[in-house]
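In what follows, a single structure is set out as structure tokens and then discussed.
Rule-based calculations on the coordinates, nothing more; no lab input. Bear in mind the structure is a predicted one, so any value in this text is a computation, not a measurement. Here the Cβ is made from the backbone with ideal geometry for all residues, glycine too, and neighbour counts use every protein chain on show.
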Amino acid sequence: MKKHLTFLLTLATGCMLSWASASAQWGDLTIKFVADGDAPKLPLPMITKDKEICTKGGKHTVPNEEFVVGKEGGLKDVIVFLVPEKTGKVKVHPSYEDSAKDTVAIDNKGCQFVPHVVLVRTGQTFVVTNNDPTTHNSKFSFPVNKKDENPIVPPKGEFKVKPDDLTKREVRAAPVSCSIHPWMQGWVLIQDHPYMASSDEDGNLTIKNLPVGKHSFQVWQENVGYVPSNGKLKTTKGKAEIEIKEGKNDLGVVKVKYKPAK
């Protein structure tokens, strides 16, 4: 009788959880970022060290990733992330459970950071790896988490930042650099929820399974900084108030203008 009762309670609990998940409403946010005007001709980084490694056959292979425009005008590496309300609580869709404890890596490869933008959720392990046959250092600072590091990463080596060191969301993406090879630059964003993305090579960006309702999002790009309003995207200092409805929420094309150096 006791075993039978336990089984019924377990079954009822599972049904309630399934019902709660099914009854919650979720929506996807989609944006396409494109360059406003022709792609700028950016100067290539000056390779001053380890030229035999950082070039191939004497050919310069390290790109300038400040404002990367694809063949069809899409803008890469625009970051969009949800900014929680003052309570800090965000309802998270069950589909993100499997990735909650993942290891996320940024690699020193070809004398550049790959990928250029890394998105890390608190609870995940952040790893700096080195696939180059030369030593790198990877300097970064996460001020909210009070975590500053500048590890030397030898060839085929790695440096881990444990989940216990990253328990709070950062206000903005933090730069990562290598003083041995000073042209190297990457970005790491730490958030305490999974609702963040960076645009791909074609400028496309999707954040899946957001809770239905009105939310604040930060929109940022390395060259521009806070992305200004354009099209259906309305921002104030890069922050946009977007109402997420059940299903697809497509803001269409958002143009971003390159900001020349003064």
Quick one: Karplus J couplings for the range 66-79, per residue in order, coefficients 6.51, -1.76, 1.60, θ = phi - 60°, nearest Hz, x for Gly and Pro?
-> 5, 7, 8, 10, x, 4, 9, x, x, 9, 8, 6, 7, 9
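If contacts are Cα pairs under 8 angstrom and at least 6 residues apart, what is the relative contact order of the chain in percent?
Dividing the mean separation by the residue count of the chain yields 28 percent.
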Top of L119, L44, L205 by mean-square fluctuation, Gaussian network on the chain, Cα under 10 Å | L44
By how many nm would the segment from D148 to V114 grow when fully extended, if each residue of separation counts as 0.36 nm and the alpha-carbon distance is taken off?
-> 10.2 nm
How far is helix 2-23 tilted, in degrees, relative to the longest principal axis of the Cα atoms in the chain, given as a value from 0 to 90 rounded to the nearest 10?
-> 50 degrees
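Would you calculate a helix-derived [θ] at 222 nm for the chain, using -39,500 (n - 2.57) for each DSSP H run of n ≥ 4 and dividing by the full residue count, to the nearest 500? Present the calculation step by step, with values, prior to reporting the outcome.
Working: 2 runs with 26 residues, N = 262.
So the calculated ellipticity at 222 nm is -3000 deg cm²/dmol.
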Residue with peak Gaussian network fluctuation, the chain [Cα springs, cutoff 10 Å], from T167, T235, T55 | T55
Tabulate in residue order the Karplus-calculated ³J(HN,Hα) for the range 245-257, using 6.51 cos²θ - 1.76 cosθ + 1.60 with θ = phi - 60°, rounded to whole Hz; enter x for Gly and Pro.
-> 9, 4, x, 8, 10, 9, 7, x, 8, 10, 8, 10, 8
Please work out which option in (i) 14.3; (ii) 17.7; (iii) 13.4 gives mean projected area of the Cα convex hull in nm² calculated from these coordinates, and answer with its label.
-> (ii)
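Count neighbours as other Cβ atoms within 10 Å of each site's Cβ, and list the GluC sites (Glu not before Pro) in the range 132-229 that are DSSP loop with at most 15 such neighbours. Kindly include the intermediate steps, with their values, before the conclusion.
Details: sites: E149, E158, E170, E201, E222; in loops: E170, E201, E222.
Here the sparse-neighbourhood loop sites are E201.
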Partner lysines for K214 [C-alpha distance under 25 Å; skip if fewer than 8 residues away on the same chain] = K32, K86, K89, K91, K168, K232, K234, K237, K239, K245, K248, K255
Length released on extending from K214 to E52, taking residue separation times 0.36 nm less the Cα-Cα span = 53.1 nm
What shape does the range 126-262 take by its C-alpha gyration tensor, where a ≥ b ≥ c are the square roots of the eigenvalues and a/c under 1.5 counts as rounded, a/b above b/c as prolate, and the rest as oblate?
-> prolate
Simple SL model, points at 7 angstrom along Cα→Cβ for T30 and H93; separation in nm is 1.3 nm
Kindly write out, for the range 25-37 in residue order, the coupling ³J(HN,Hα) from the Karplus curve 6.51 cos²θ - 1.76 cosθ + 1.60 (θ = phi - 60°), rounded to whole Hz, with x marking Gly and Pro.
-> 10, 9, x, 9, 9, 10, 9, 10, 9, 10, 6, 8, x
Hypothetical label at N131: residues of the range 65-105 whose amide nitrogen lies under 13 Å (7 Å Cα-Cβ projection) = 105
Net charge of Cβ neighbours under 14 Å - reference D38; Lys, Arg +1; Asp, Glu -1 | +2
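Over the range 187-242, calculate the relative contact order: mean separation of alpha carbon pairs under 8 Å at least 6 apart, over the residue count, as a percent.
Numbers: 54 pairs, mean separation 13.8, N = 56.
The value is 25 percent.
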Using amide H atoms built 1.01 Å from N in the peptide plane, name the residues 5+ places from D250, or on other chains, whose amide H lies under 5 Å from its own.
-> T30
